[in-house]
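Pasting in a structure now, in C-alpha cells, and then I'll have a few things to ask.
Here, each number is a calculation from the coordinates, and none is a lab measurement. What you are looking at is a predicted structure, and each value in this text was computed from that prediction instead of being measured. Positions of Cβ are backbone-derived with ideal geometry, glycine not excepted, and every protein chain shown enters the neighbour counts.
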Amino acid sequence: MSNLIENNTSIKVVDMPSGVEGPGFFATTLDKAVGLARKNSLWPLPFATSCCGIEFMATMATTYDFARFGSERPSFSPRQADMLMVMGTIAKKMGPVLRQVYEQMAEPKWVISVGACASSGGIFDTYSVLQGIDEIIPVDVYVPGCPPRPEQIIDGVLRLQDLVANESIRRRNSPEYDKLLAKYNIE
C-alpha cells in the first residue's frame, strides 16, 4: 500500500491551516471554550430583600423559564454559586452580610444588581439605606427598573453571559483585577 502512495504523484499534501499553531487549536481558543462552558452554566445566588425578589420568582417560574439560559439551579450557598443577584433595598446594616456572602463565593464570580434600590438606593435616599451595592462590592451588570420585569432580569443575565463568554481566563490574575479588588478592600 505504501508503494502505491509513493508512486502516485497526484496526491498533494496541503499546508497546515492557520489557527493550528499558536495559543489555540483549529476550532477555537481555550479562552473561548472555557467562556462557552462558564456562560451556559451560571449558578445564581438570589439575595432578595423586597419586591425585586418577587419578580425574580416570576422569572424562575414556567412562564419565563430561567432554566433555558443555563441558570436552572439557584444556589442558596455562596460556596456553590458563581452569579450573585442582589435584588431590592439593602440597608447599611445588611451591607457587611452582603459583603461576606460575596467574599465566600469562589472565583470566578459575577454580580448582577437588580432594580433601582440595589443599583442606587431607589426612592430611599435615607441614612439607613445603602445608595448602591457598588459601594461595597464590584458589580458587573445593572438591571434598571422598580421593580424590573422578568424580561429585564433575563436580559441582564444574557448581558452577563456575553461578558462571561468573552472574558479571558487570565483576567482574574491580572493587576487590573487586583486593583479593582483593592478599591473595595478585598484581598
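Can you say what percent of the DSSP beta bridges in the chain, counting only those with both residues inside, are antiparallel? Round to 5.
About 15 percent, rounded to the nearest 5.
Under the rule that an exposed site lies in a DSSP loop and has at most 13 other Cβ atoms within 10 Å, name the longest stretch of the chain with no trypsin sites (Lys or Arg not before Pro) of that kind, not counting the sites themselves.
Here the longest run is 13-92.
Hey, which of these cross-link pairs are over 30 Å Cα-Cα: LYS93/LYS183; LYS39/LYS92; LYS39/LYS179; LYS93/LYS179; LYS92/LYS183; LYS32/LYS179?
Too far apart for the 30 Å limit: LYS39/LYS92.
Moving on to the next point. Can you give me the Cα centroid spacing of region 88-125 and region 129-147 in angstrom?
If we compute the Cα centre of each part, the gap is 6 Å.
Can I ask one more? Quote to one decimal, in nm, the extra length available between ILE54 and ALA165 on full extension: 0.36 nm per residue of separation minus the C-alpha distance between them.
37.1 nm
For region 75-187, what Kirkwood radius comes out of the mean inverse Cα-Cα distance, in Å?
In region 75-187 this quantity evaluates to 14.6 Å.
Follow-up. Chymotrypsin sites (Phe, Trp or Tyr not before Pro), restricted to region 76-180: which are DSSP loop and have at most 11 other Cβ atoms within 10 Å?
The qualifying sites are PHE76, TYR127.
What is the dipole size for the chain, taken about its Cα centre, with +1 at each Lys and Arg Cβ and -1 at each Asp and Glu Cβ, in debye to the nearest 20?
320
Hey, can you grab everything whose amide H is under 5 Å from the amide H of ALA48? Only 5+ residues off in sequence or another chain; H modelled, so Pro and N-termini drop out.
MET87
Same structure again: Through the Karplus equation 6.51 cos²θ - 1.76 cosθ + 1.60, θ set to phi - 60°, convert the phi angles of region 139-152 into ³J(HN,Hα) values in whole Hz; use x for Gly and Pro.
10, 8, 9, 10, 10, x, x, 8, x, x, 6, x, 4, 5
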